[in-house]
Amino acid sequence: MLSKLWSVFKQLISMVLFVTVVGIGVDFWRSQDLPEGELPNLSAVTLGGEAIDLKELSKDEPVLVYFWGSWCGVCNFVSPAVNTMAKHFNVVTVALRSGEQAKVQAYLTHHEYQFPVINDPQANLGGQWGISVTPTLMVVKNGELKHYTAGFTTLPGMWWRMLMA
């Protein structure tokens, strides 16, 4: 019985390590499109009317930057975790190609999301930031990119990245 349990445990550990290594490799490959050097300016007004200046907001504290779309299937799983993060950390989100302000606001209200959203209906900001995959999450501190990941990310993964920044 114990040997069977040990075998299952070893398989689980192997699977976690494999998924972690593949995830890091995919993130590294996808990060090729990211701007090098200084990050593009992210100064805008959210749907709620709040002025956002990422460089100022990221002074001394990390900011989770989340590029997403209302049409993105994976974002449906990641957005609730981002909503939770917004209760504990500075979070800025950018809705890419999700429609006009009223449509995005209706989407947020329907899902009860409370995170601040900059609407980017033409994905101009997304293009400046080299975003080719949604969801994309970045941790920015003191105006510098500290962590990057694209695709599905868990709440513990986001939390860890914020704490490590």
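Laboratory data are not the source of any read-out in this text; all were calculated from the coordinates shown. Just so it is clear, the model here is predicted, and its values are computed rather than measured. So basically every Cβ, Gly included, is an ideal-geometry build from the backbone, and we count neighbours across all protein chains shown.
A few points about this structure:
- Complete set of residues in the stretch 43-59 that are touching a residue at least 24 places away in the same chain (Cβ under 8 Å) and out of contact with any Lys or Arg (no Cβ under 8 Å at 6 or more places or on another chain): 44, 45, 46, 47, 48, 50, 52, 54, 55, 57, 59
- If you go through the stretch 104-119 and pick out every residue that is farther than 21 Å from residue 77 by Cβ and not polar (S, T, N, Q), you end up with 1.
- Selection within the stretch 117-156 - out of contact with any helix residue (DSSP H, G or I) (no Cβ under 8 Å at 6 or more places or on another chain), surrounded by 15 or more Cβ atoms within 10 Å (Cβ to Cβ) and over 20 Å from residue 71 (Cβ atoms): 138, 141, 145
- Residue within the stretch 115-135 that is in a loop (DSSP other than H, G, I, E, B), farther than 16 Å from residue 49 by Cβ, in contact with a Ser or Thr (Cβ under 9 Å, 6 or more places away or on another chain) and among the hydroxyl-bearing types (Ser, Thr, Tyr) present: no
- Assessment of the stretch 104-114 against the conditions (under 14 Å from residue 158 (Cα atoms) and among the polar types (S, T, N, Q)) yields no matching residue.
- The set of residues in the stretch 50-105 being among the hydroxyl-bearing types (Ser, Thr, Tyr), in contact with a Gly (Cβ under 9 Å, 6 or more places away or on another chain) and either under 16 Å from residue 138 (Cα atoms) or surrounded by fewer than 19 Cβ atoms within 10 Å (Cβ to Cβ) (or both) consists of 58 alone.
- Residues being within 13 Å of the chain's Cα centre (by Cα), under 26 Å from residue 165 (Cα atoms) and touching a residue at least 60 places away in the same chain (Cβ under 8 Å) are represented in the stretch 117-124 by at least one member.
- Some residue of the stretch 89-108 being hydroxyl-bearing (Ser, Thr, Tyr) and over 14 Å from the mean Cα position of the chain (by Cα): yes
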